[in-house]
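Engineer: The structure under discussion is supplied below as structure tokens; questions concerning it will follow.
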Amino acid sequence: MATRDIARPLARAGFTLVELLTVIAIIIILLGLLLPALAGVWSSGTLTKSMTNMRQIALWMSEYSNANSDHIVPSRFYYDSDTSSVYAGKVRSNPNPQVGEQSSGTWADILHSVFEVGTYPDAEVTIANDYRHDSPDRGLYDLIGAKAVRNPFRSAAPNSRNTPEVDPTSEPKPFGAGAAEVGYPGFFAANDFFNSGWPAGAAVGEFFTNGQIKVPSRSMYLVDSFVGETIAPEPEPFDTDLEADTIEVDFRYGSSGQGVCLMLFLDGHIQQESAWVDLADLQGQRQIRVQDLTSR
């Protein structure tokens with residue numbers, strides 16, 4: 001009995017153009033759904049790490065006050081023969097080649113030295129500073145890279161922007177007009193209401209104690225910033241509806257344009273704040289105190 005040939009279907013060479021386009025379209029749709037979720041997870045993670053850093057700062061500030069007659073850590077300082085024994089905190093004996101002058105510094109430098117956060121001996125060879133009495137600055141970040149720097153005094157999220165219209169080589173505040181800092185860990189800026197004497201010899205501020213602050217739970221000490229380690233208690237840095245070169249607060253966590261910033265208050269608690277209109281809105285509607293913290 002003769003066998004009959006059975007026709008077999010030809011093997012397909014591959015996807016048709018329509019099928020490929022369909023698959024690509026599906027992938028694009030899935031990415032569109034997935035990326036915002038991943039961005040939210042990233043933002044949530046960095047927010048948590050930043051809050052952890054702020055909590056550590058709050059603990060150190062409390063320990064500092066307990067050991068120093070209830071004094072609040074100054075936002076900036078200048079040591080001389082009259083003030084060097086008022087409160088603890090070693091200071092640089094030589095000028096910091098990146099951001100500081102001899103006998104001066106910020107709140108971060110004080111806490112960094114008092115609690116011996118760490119040193120970088122290799123930096124001593126290259127830039128004449130092992131960071132024993134200085135909080136890490138751009139000089140150290142440039143030298144060893146951001147991931148190698150142990151710095152609890154800055155945010156876990158990078159600065160979202162540069163200081164507008166400044167020389168990229170200039171130094172960060174408070175020792176310069178600003179710097180190209182985008183990509184570096186974001187700054188925590190201390191309320192410069194607590195300035196105890198910078199610039200050198202200037203009669204600005206005093207040594208405040210916690211007992212002088214009337215409403216610690218609403219009195220801001222730190223806020224996220226892209227400019228530097230201090231922020232002036234004046235309208236311009238807080239007025240988010242003014243020209244871009246006046247804004248200093250960085251709303252770096254969350255969706256672009258809808259982010260939040262972190263604030264540390266003098267009672268030790270941390271708050272998330274979305275963008276406000278201006279300082280009057282912040283101090284009025286939200287009842288967050290930036291100025292006149294010793295007034296009722």
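Engineer: Name every residue in the stretch 113-139 that is free of Cβ contacts under 8 Å to residues at least 40 places away in the same chain and within 17 Å of the chain's Cα centre (by Cα), in order of residue number. Spell out how you get there, then give the answer.
Structural biologist: Narrowing the stretch 113-139 to residues free of Cβ contacts under 8 Å to residues at least 40 places away in the same chain: 113, 116-131, 136.
Matches in the stretch 113-139: P136 only.
Engineer: Still on this model: Residue check, A108 against (1) modelled with pLDDT under 80; (2) assigned to a helix (DSSP H, G or I), all met but one. Which one?
Structural biologist: Only one criterion in (1) modelled with pLDDT under 80; (2) assigned to a helix (DSSP H, G or I) is unmet by A108, namely (1).
Engineer: Does the stretch 120-151 hold any residues that are in a loop (DSSP other than H, G, I, E, B) and loosely packed, with under 15 Cβ neighbours inside 10 Å, and which are they? Even if it seems obvious, please write down each step before you answer.
Structural biologist: So the first thing to find is which residues in the stretch 120-151 are in a loop (DSSP other than H, G, I, E, B), and the list is 120, 128-137, 145, 149-151.
A128, G145, R150 - these are the residues of the stretch 120-151 that are in a loop (DSSP other than H, G, I, E, B) and loosely packed, with under 15 Cβ neighbours inside 10 Å.
So that you can scan it fast, the table gives a plain yes or no per residue for (1) at pLDDT below 90; (2) among the polar types (S, T, N, Q); (3) more than 21 Å from N68 (Cα to Cα):
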{"residue": "F188", "(1), (2), (3)": "no, no, yes"}
{"residue": "K214", "(1), (2), (3)": "no, no, no"}
{"residue": "M220", "(1), (2), (3)": "no, no, no"}
{"residue": "S225", "(1), (2), (3)": "no, yes, yes"}
{"residue": "L242", "(1), (2), (3)": "yes, no, yes"}
{"residue": "Q258", "(1), (2), (3)": "yes, yes, yes"}
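Engineer: Could you run through the stretch 43-81 and say how many residues are more than 21 Å from F193 (Cβ to Cβ) and of a type outside the set (A, V, I, L, M)?
Structural biologist: Taking the stretch 43-81 and keeping what is more than 21 Å from F193 (Cβ to Cβ), we get 43-53, 55-56, 59, 63, 66-67, 80-81.
Cutting the leftovers down to of a type outside the set (A, V, I, L, M) gives us 43-46, 48-50, 52-53, 55-56, 63, 66, 80-81.
Result for the stretch 43-81: 15.
Engineer: So in the stretch 211-242, with the set limited to residues that are in a strand (DSSP E or B) and of a type in the set (V, I, T), which one is farthest from G105 (Cα to Cα)? So that I can check it myself, show each step before the final result.
Structural biologist: From the stretch 211-242, those in a strand (DSSP E or B) are 219-225, 228, 230-231; that's our starting set.
Now narrow it down to the ones that are of a type in the set (V, I, T): 223, 230-231.
Working: V223: 18, T230: 11, I231: 14 Å.
Within the stretch 211-242, the match that is farthest from G105 (Cα to Cα) is V223.
Engineer: Restricting attention to the stretch 27-49, does a residue exist that is modelled with pLDDT under 85, within 19 Å of A108 (Cα to Cα) and within 30 Å of the chain's Cα centre (by Cα)?
Structural biologist: no
Engineer: Next question. Of all residues being surrounded by 14 or more Cβ atoms within 10 Å (Cβ to Cβ) and out of contact with any strand residue (DSSP E or B) (no Cβ under 8 Å at 6 or more places or on another chain) in the stretch 42-61, which is nearest to F188 (Cα to Cα)? Just the residue, please.
Structural biologist: Checking each candidate, the answer is Q56.
The values are calculated or read from the model by the stated rules, or taken from the named source; none is laboratory data. Fair warning: this is a prediction, and the values are worked out from it, not measured in the lab. No Cβ is skipped: glycine too gets one built from the backbone with ideal geometry, and neighbour counts run over all protein chains shown.
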